[in-house]
Amino acid sequence: MPEPLPDHIPPPPAHAPLPAPVRWLLLVFAACSLGLGIVGIFVPGLPTTVFVLMAGWAAARSSPRLHAWLWRHPLFGSMLRNWADGGRVSRRAKWSATAMMALCGVVLAVSSAPRWVALGASACMACVLLWLWRRPE
């Protein structure tokens, strides 16, 4: 369940305007990242937070309207606001990422994937989890 929205949400940070072609490319990137983030809600192993953060970054530089919508969104907004407030990641997001990566590690271990692939992917996930758990909450 998403965190309740505070009574007053600070406005999203503003960024200098970019040339139109760059804004369009960033807007497409924002839309693709947001789409992958939404898919990541339902597909184990596909991260949600990282894609939402990328969508927020790109939207902030390409579409103030999309960025404001993401910033105030009941599910995605807290991720963006926490990250903007010192790179914080909620404990719930940390536990969710840990559970999904553990599930993926188990699936890799019991699947017919080559051992080096399972070990390499598990090592990458372990590094990401180490980094993630060192982030402030």
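The values are calculated or read from the model by the stated rules, or taken from the named source; none is laboratory data. A quick note: this is a predicted structure, and the numbers were derived from the prediction, not measured. All Cβ positions, glycine included, derive from the backbone under ideal geometry; neighbour counts span all protein chains shown. For accessibility, only protein heavy atoms count, side chains too; no ligands or nucleic acids. Shrake-Rupley method; radii C 1.70, N 1.55, O 1.52, S 1.80 Å.
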### Index of the failed condition, P17 passing every other in (1) within 25 Å of C104 (Cβ to Cβ); (2) in contact with a helix residue (DSSP H, G or I) (Cβ under 8 Å, 6 or more places away or on another chain); (3) open to solvent by 70 Å² or more (accessible area, probe 1.4 Å); (4) at pLDDT below 90
(1)
### Task
Name the residue, out of G40, G56, G86, that is over 19 Å from L130 (Cα atoms) and modelled with pLDDT under 90.
G40
